[in-house]
Amino acid sequence: MIWGKKNSFRSRKKEIRQYRKHLIVSALGACLILLIAVGVWYGARRPEVTIASVVVSGGDTVPHELVENKVASVLEGTYALFIPHRFSYMFPEADIIEAVNSIPRVHDAAVAKSSRNEIAVTFEEYVPYALWCDSVAINASATPPLCMFVDDQGFAYAEAPTLLGETLLRFVKEEKKPEKGASVYDADTLRKYTLFSDAITEHHKRRLRAITETKDKDLLLHLNGGVTVLIAEGEGVEDAFEKIESLFEAEEFEGKTLEEFEYIDLRFGSKVYVKEWGAGDEATTTPVVAIPVVPEHTSTSTGEVPGVNRGENTRLQ
């Protein structure tokens, strides 16, 4: 009986020693973790490893100060309220790129560490090539149309302010509203429309100001001066230009100019239907005239628009 009590007492003392040892080890571990945490906290904030400056380059019209402010707002944060984003070995590269790319007209942002105290931010700027609008209206008294800036690849990158001029070509799609991040047309199609406008300007002193794609996929080419050219689905603008040229070579319209027409309808194969304006600014009731031009078997298939001089071509490809 006494022997059993002694064994129980010894076992109890052993458990106490093990418990004390566990407490000491735990306390030492906690102290070590605390020391490491304090070291990291202070170390991550030392001037030698803190990002103090941001160098911005790129773009033409986007203020670099705006980019710097975007980057600064990201760098002011911390990881889990512990390590600052300005710690040069752990700065949030992806967040900085996302913030800079969120600026209208900015794309392809990149960031790199120049030194332990400096990062370099570069970006590309979209250049407006055309407008994608929900209406061709530009009258200040009318309801302002919704328009998106489009780059030379056809990508709609930002909403455009109300613009009353005709500097940029406008595209309207009756079945699709302007949408940021979408494409209105591909780059090759945009280039063809631009070259068509250049050719019309060079030959007839008119300029293509807007293009409407109807629900039937026909195209309405709105020229300045009130002239509208209608093109059927699938017909290229290069063929349209040749038909217009043939129209003015016809005896019935010799000596006339493009601005004398209210519209020119090219949607019916080898025939062109036209309606002329009357005297002054009012359209007359002149009957629509149909004349055969450009036989279908000779229609252009090379993607070319005739130039000023015979034999010279403005390429549309």
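Six or more apart or on different chains, Cβ under 6 Å: which pairs go from a residue in the stretch 212-231 that's farther than 21 Å from Lys256 by Cα and free of Cβ contacts under 8 Å to residues at least 24 places away in the same chain to one that's surrounded by fewer than 18 Cβ atoms within 10 Å (Cβ to Cβ) and not hydrophobic (A, V, I, L, M, F, W, C)? Could you list them?
Lys217/Glu233; Leu220/Thr228
Any residue in the stretch 188-207 that is in a strand (DSSP E or B) and either in the same structural domain as Ser246 (by TED's automatic domain parsing) or surrounded by 17 or more Cβ atoms within 10 Å (Cβ to Cβ) (or both)?
no
Would you mind telling me which numbered condition in (1) touching a residue at least 60 places away in the same chain (Cβ under 8 Å); (2) closer than 30 Å to Glu159 by Cβ Pro47 fails?
Going through the list (1) touching a residue at least 60 places away in the same chain (Cβ under 8 Å); (2) closer than 30 Å to Glu159 by Cβ, Pro47 breaks only (2).
Does the stretch 142-193 hold any residues that are within 9 Å of the chain's Cα centre (by Cα) and within 10 Å of Leu131 (Cβ to Cβ), and which are they?
Matches in the stretch 142-193: Met148, Phe149, Val150, Ala156.
Only one of (1) in a strand (DSSP E or B); (2) basic (Lys, Arg); (3) modelled with pLDDT under 60 is not met by Arg310, so which one is it?
The number of the failed condition is (1).
Of the residues Glu262, Glu254, Glu245, only one is surrounded by fewer than 18 Cβ atoms within 10 Å (Cβ to Cβ), in contact with a Lys or Arg (Cβ under 7 Å, 6 or more places away or on another chain) and in the same structural domain as Glu174 (by TED's automatic domain parsing); which?
Checking each option against the conditions leaves just Glu262.
Conditions: (1) part of a helix (DSSP H, G or I); (2) crowded, with 16+ Cβ neighbours inside 10 Å. Ala210 meets all but one. Number of the miss?
Looking at each condition in turn, Ala210 falls short on (1).
Within the stretch 101-133, which residues are charged (D, E, K, R) and touching a strand residue (DSSP E or B) at 6+ places or on another chain (Cβ under 7 Å)?
Arg105, Asp108, Lys113, Glu118, Glu124, Glu125
The values are calculated or read from the model by the stated rules, or taken from the named source; none is laboratory data. Treat the numbers as computed from the prediction; the structure is a model and nothing was measured. In this analysis, Cβ positions are derived from the backbone assuming ideal geometry, glycine residues included, and neighbour counts consider all displayed protein chains.
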